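Presented below is the structure to which this report refers.
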Amino acid sequence: MSGSHERTPNHAGTVLRFYPQDVSVTEDSKTLLAKVEQCLVPQIVEDGPKDSEMSTVGPHGEIVKISKIKDLRDLFSPEFDMLHTFTATRLTANMWRNTLESLTQTFDDPKLKNAASYWDNNPHGTLTISPYGLQDEMNAYYQRLQVGCELKFGYFQSEKGQKIFTCQTPDVVAHEAGHYSLDRLRPEFMNSNQMQTHGLHEAFGDISALSFVFADDAMANALIITTHGNLHSSQNFAAKLAEQFGISLGMHGYLRNADADYKLSDVENEEHALSEVFTGAYYDALARAFKDATNQYPYYHPANLLQAVSEFARGLLLHTIVTVQKDEPEFSDIARHLIETVIPQHGKVAPARVAYLKSLNWREYFEKEFTRREINIPSNLLQHKPKEKMKKKSIIEMRSKERKEILKSVCGGLRKFKK
């Protein structure tokens with residue numbers, strides 16, 4: 001995993017290190033994942049770590065010496081956590097900017113080009129990353145400030161006495177970096193009063209976490225081996241988001257599950273609950289595309305094929321979000337624009353690296369999932385009658401009221417402009 005279109009002089013870059021998954025996953029020998037990975041980013045990263053767009057704040061003002069990164073062996077120390085959090089944030093932002101670049105190179109659409117220019121002008125200023133920014137809080141969030149913007153990650157002690165640092169879970173970091181990335185593309189979404197627009201923001205965060213896994217060579221390969229290519233396998237660590245965090249809250253081994261079958265009438269009209277429906281539809285459409293791709297291209301390496309399918313789906317989603325007309329889109333607006341406009345465009349011409357996948361029946365994959373989950377129904381025609389097992393309060397029924405409220409905002413993603 002590497003790169004953005006913005007190349008440094010002489011194609012220089014910086015080698016960084018990060019936790020590919022949280023410790024609850026990498027300590028499981030079945031996943032075949034190392035605790036730490038290295039990656040190359042094209043940006044020049046300085047001590048901090050920081051670059052031209054992002055900077056990291058330590059709990060006591062400490063910095064990571066980039067020259068000593070190769071010798072940094074004290075995993076889960078504040079210094080390594082800072083390095084990891086910066087790296088996962090940078091990789092996620094690069095992933096989305098790369099996707100946008102491939103779209104602008106493929107389609108002559110002013111909206112795509114304007115979005116790229118808006119991103120590159122960095123309108124919100126420097127992103128400050130605080131891996132230890134929320135003491136005794138079960139939360140993490142992105143917000144804009146009067147000057148700049150920030151990602152803050154909480155840490156707390158679980159009921160079993162274990163210290164949990166949300167920044168150590170790349171799913172959480174990628175989720176929050178997804179909010180940051182979407183805000184650099186469609187800033188008006190954050191100002192919306194439409195619940196489904198906020199649900200879309202949350203789903204974009206979870207899809208960022210999924211895509212972070214699929215885009216990484218080692219994780220994609222480990223996922224194929226552990227699941228035998230079945231994306232609905234119970235061994236699928238990609239679909240189970242924020243395992244350590246979820247376990248610490250007494251949940252079912254994860255905070256949220258992308259491979260879920262909720263429909264909109266099943267869940268509360270609350271942004272995190274709504275997002276699970278949209279993310280589930282996206283995930284199942286991707287899984288069906290991958291299954292068909294493996295049948296159509298049996299001699300392709302399945303991990304590479306999974307990465308290509310994810311890249312194609314990611315391009316469809318981003319193209320839809322950037323070009324949808326409304327400033328406060330509902331899920332049905334996204335579904336209609338994707339099905340009626342974007343997929344037909346990609347069926348004619350698609351980004352070069354994944355153009356061979358345009359022959360797959362993308363319209364059928366997404367249309368079936370959107371219909372099954374009621375995503376194509378306008379919100380004013382929906383009746384939310386959540387089943388008891390799907391209410392967030394029932395998930396933690398034995399916990400205190402304080403914990404119930406925390407869970408509603410945990411990994412909560414995004415806060416409006418702060419003065």
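The values are calculated or read from the model by the stated rules, or taken from the named source; none is laboratory data. Note that the coordinates shown come from a computational prediction; the quantities given were computed from them, not determined experimentally. Methodologically, a virtual Cβ is constructed for each residue, glycine included, from the backbone with ideal geometry; neighbour enumeration extends over all protein chains shown.
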- [ ] Filter region 107-128 for residues that are touching a Ser or Thr at 6+ places or on another chain (Cβ under 7 Å), under 25 Å from Lys348 (Cα atoms) and assigned to a loop (DSSP other than H, G, I, E, B) and give the result.
- [x] Asp109
Open item on the list: Only one of Leu75, Leu83 is more than 29 Å from Phe204 (Cβ to Cβ) and in contact with a Phe, Trp or Tyr (Cβ under 9 Å, 6 or more places away or on another chain). Can you tell me which?
Closed with: Leu75
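Is it the case, given these coordinates, that Gly253 is surrounded by fewer than 18 Cβ atoms within 10 Å (Cβ to Cβ), modelled with pLDDT of 85 or more and assigned to a loop (DSSP other than H, G, I, E, B)?
Here the answer is no, as Gly253 does not meet what is asked.
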Open item on the list: Return the residues of region 326-379 that are touching an Asp or Glu at 6+ places or on another chain (Cβ under 7 Å) and without any contact (Cβ under 8 Å) to a residue 60 or more places away in the chain; say none if nothing qualifies.
Closed with: Lys326, Ile339, Val354, Pro378
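Conditions tested, residue by residue: (1) modelled with pLDDT of 95 or more; (2) in a helix (DSSP H, G or I); (3) among the charged types (D, E, K, R).
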| site | (1), (2), (3) |
| --- | --- |
| Asn269 | no, no, no |
| Glu276 | no, yes, yes |
| Arg288 | yes, yes, yes |
| Thr294 | yes, yes, no |
| Leu305 | yes, yes, no |
| Ser310 | yes, yes, no |
Open item on the list: What are the pairs with Cβ atoms under 7 angstrom where one residue, in region 274-301, is surrounded by 24 or more Cβ atoms within 10 Å (Cβ to Cβ) and the other, located anywhere, is polar (S, T, N, Q) and at pLDDT 95 or above? Sequence gap at least six, or different chains.
Closed with: Leu274/Gln196; Leu286/Ser310
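Farther than 24 Å from Thr166 by Cβ, touching a Ser or Thr at 6+ places or on another chain (Cβ under 7 Å) and in a helix (DSSP H, G or I): is that true of Thr226 in this structure?
Here the answer is yes, as Thr226 does meet what is asked.
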TODO: Mind listing just one residue for me: the one in region 148-199 that is in a helix (DSSP H, G or I) and among the charged types (D, E, K, R) and, of those, surrounded by the fewest Cβ atoms within 10 Å (Cβ to Cβ)?
DONE: Glu188
- [ ] Return a yes/no flag: does region 330-344 have any residue that is in a loop (DSSP other than H, G, I, E, B) and either surrounded by fewer than 16 Cβ atoms within 10 Å (Cβ to Cβ) or at pLDDT 95 or above (or both).
- [x] yes
